[in-house]
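Just below is one structure, and these are the notes that go with it.
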Amino acid sequence: MTATAKFAIGCLKDHDARYADQPFFQYVVFIGPYFPLHALPEDIAKYHEKYAFGCNEMRDAHYARREKMGLTKTSLSTLEPDVAPPYASPQAMKFLENGEVNRPLP
């Protein structure tokens with residue numbers, strides 16, 4: 001999302017520098033991203049303790065809360081490990097930084 005916002009800001013600055021006297025329309029959509037996801041270090045630190053007890057436990061707690069509120073009528077699906085393909089192509093690996101992995105993990 002940060003990259004999308006930075007790109008949009010760059011477009012605005014370019015338009016201001018080169019075409020300031022002309023109208024400008026920009027539609028920015030913050031889409032649901034695909035892997036890899038990049039959280040900022042300060043965001044990771046802020047929520048670290050909240051999610052430290054585990055991905056599966058968080059999933060179960062969220063489901064139990066929705067069920068108690070009457071918001072769900074289905075059962076929780078089973079988890080399948082490694083459902084996403086590894087992203088080991090040379091092009092994809094260029095985007096990974098220190099500490100990142102090439103597939104989604106809990």
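Bear in mind these aren't lab numbers, they're just calculated from the coordinates by the rules spelled out. Computed from a prediction, not measured in an experiment: that's the story for all the values here.
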*May I ask which of 6/50; 13/50; 6/68; 6/46 have a Cα-Cα span longer than 31 Å here?*
13/50; 6/68
_Test of understanding: what is the full-extension gain from residue 65 to residue 77, defined as 0.36 nm times their sequence separation minus their Cα-Cα distance?_
2.7 nm
*Tell me, in nm to one decimal, what length is gained between residue 25 and residue 5 on full extension, where the rule is 0.36 nm per residue of separation less the Cα-Cα distance?*
5.7 nm
